[in-house]
Amino acid sequence: MPSKTWILKLATCIAAGASILATSPAQAAVAHDGSTQTATAHAGKARTQAAGSGDPVVHRACTTGDAGASGGADIYNWHGPNSTLNVKLDLTDGKADGRYAAIRLLAVGMDGSQVQSHWNKVSGYGKHKEAWGPVKYKGGINHIGVQVATFKGSHMISYCIDFGEAD
C-alpha cells in the first residue's frame with residue numbers, strides 16, 4: 001500500500017478526533033474558537049457514474065462555512081465491505097487568513113472499529129489539493145466519509161463531517 005498521508009491506516013486509530021465517530025453519524029460536535037457546539041453533519045449519499053467507467057461513485061463533501069475550508073471524496077468501487085476502494089480527495093482553502101484547511105478519511109469497520117487517515121493540508125486563498133489512492137480495511141468498511149477542518153497552528157477552529165453507508 002502506498003505511504004501517502006491521506007490513505008486510510010489499517011490499524012485502529014482511536015486518537016483525538018476519533019470520538020466523533022462514536023456519536024451518531026449524522027451528528028458531531030463542532031469547535032469554534034475554543035467553544036464546542038453540536039451541529040448536524042451532512043450524511044449525503046449522492047451516487048453518480050465515474051467518468052469513463054461503469055463503477056458507482058459515493059460522494060462525501062462538506063465545508064466549514066465562514067472558516068473557509070471545503071473538501072470531499074469521490075469513492076469508487078464500493079460494491080461491498082471488503083472492496084478495495086479507489087478514493088479521490090479534494091481540498092480547498094477559501095480564505096487568506098493564516099489558517100489552513102485539512103481533510104481526512106474516516107471509516108467504521110464491519111466490527112465497529114474506528115479508523116481515520118492522517119490530515120491532508122493546504123493553506124492560502126484559493127489553494128487546492130487533489131489526491132488519489134486505494135483504500136481497504138481488513139475488517140471491511142461499513143461507513144466511510146470525510147472530516148474537513150480549519151486549523152490555526154495545531155488548534156482546530158472548526159470542522160464538518162459527511163459520513164455514511166454505501167447505499
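Read the figures in this text as sums done on the coordinates, not as results from a lab. From a predicted model like this one, the values you see are computed outputs, not experimental measurements. Backbone-built Cβ (ideal geometry, glycine too); neighbour counts: all protein chains shown.
Couple of notes before you dig in:
- Dipole in debye (nearest 20) - the range 106-164, about Cα centre, beta carbon charges: Lys, Arg +1; Asp, Glu -1: 240 debye
- Amide hydrogen neighbours beyond the local backbone of I157, cut-off 5 Å, H modeled: T150, F151, K152
- Overall, the ratio between the Cα radius of gyration of the range 113-167 and 2.2 N^0.38 Å, rounded to two decimals, is 1.35.
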